[in-house]
Amino acid sequence: MPKNRLSASSKIKYSLVANFISFYIRFCGIFTKYIKGGDANAVEIDKRQRVIYAFWHNQQTFLLYPYRKQGKICVLVSMSKDGEYIARALTKFKMKAMRGSTTRGGYSALRGLMDISQAGYNPAITPDGPRGPVYNAHAGIIYLAQKTHLPIIPAGVASSHKFSINSWDKFQVPLPFGKCAVIYGPPLWVGEDDDIEQCRRKLTEYLNEATAKAVEAVS
């Protein structure tokens, strides 16, 4: 939903909700123990160069607090009304939002992510969103990695304290006073001649394995 089409009342509503999301995530983050780790190569690559972050759609709120100081992160956010809340909340954590998805504005969003990666940003994508199927990566992120020559860092996330919303992906919302694990899977490089479908399946596998390890870490 482009901002220039919003009424004054809608702008106020979205700003209030974004402020609440920011406050709530920060409150939970202060009272949460974070565990980060996983594949050593992915951890090292993340420290020294630009990457593409991949994480499942229902885990995205867990990453706002631990990555709030990382800077130069641009998240692909859907064009939906819910996406507007997320896009505005991202700015509270010093992150950018690129509007689009695999179903709406996909090509322009992909071009935008390619351009912004050249400006030094790390694209971040939920490859199963915004409509699923859950835990199954779409090919868009693979094309992005192929064209930008950036490695995909799959991040599995889990929290010991959370509740789930009745949505297609059982969207997870953090609760305070627990543990949250961010576990990296092996980095995925996509060459010009690599098979897109094979890489897509491999990313799905890496993300699900990383998520399983994250769940184990907070159990």
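The values are calculated or read from the model by the stated rules, or taken from the named source; none is laboratory data. These numbers were taken from a predicted model, which means no experiment stands behind them. Quick reminder, even Gly has a Cβ in these numbers, built from the backbone with ideal geometry, and neighbours come from all protein chains shown.
Given the condition farther than 19 Å from Leu207 by Cα, part of a helix (DSSP H, G or I) and touching a Leu at 6+ places or on another chain (Cβ under 7 Å), answer yes or no: does some residue in region 39-52 qualify? No, that holds for no residue. Only a single criterion out of (1) closer than 19 Å to Glu44 by Cα; (2) assigned to a loop (DSSP other than H, G, I, E, B) is not satisfied by Glu192, namely (1). If you go through region 64-83 and pick out every residue that is over 24 Å from Tyr34 (Cα atoms), out of contact with any strand residue (DSSP E or B) (no Cβ under 7 Å at 6 or more places or on another chain) and outside any helix (DSSP H, G or I), you end up with 2. Has region 138-160 got at least one residue that is of a type in the set (Gly, Ala, Ser), closer than 18 Å to Ile21 by Cα and surrounded by 15 or more Cβ atoms within 10 Å (Cβ to Cβ)? Checked against the condition, which is being of a type in the set (Gly, Ala, Ser), closer than 18 Å to Ile21 by Cα and surrounded by 15 or more Cβ atoms within 10 Å (Cβ to Cβ), region 138-160 yields at least one hit. Pairing residues of region 191-219 that are more than 22 Å from Gly38 (Cβ to Cβ) with residues that are outside any helix (DSSP H, G or I), at Cβ distances under 7 Å and at least 6 apart in sequence or on separate chains, gives Ile196/Ala139. Here region 174-194 is the region considered, the condition is being within 14 Å of Trp56 (Cβ to Cβ) and among the β-branched types (Val, Ile, Thr), and the residue that is surrounded by the fewest Cβ atoms within 10 Å (Cβ to Cβ) is Val182.
Within region 84-130, the set of residues being assigned to a loop (DSSP other than H, G, I, E, B), modelled with pLDDT under 90 and surrounded by fewer than 16 Cβ atoms within 10 Å (Cβ to Cβ) comprises Thr103, Arg104.
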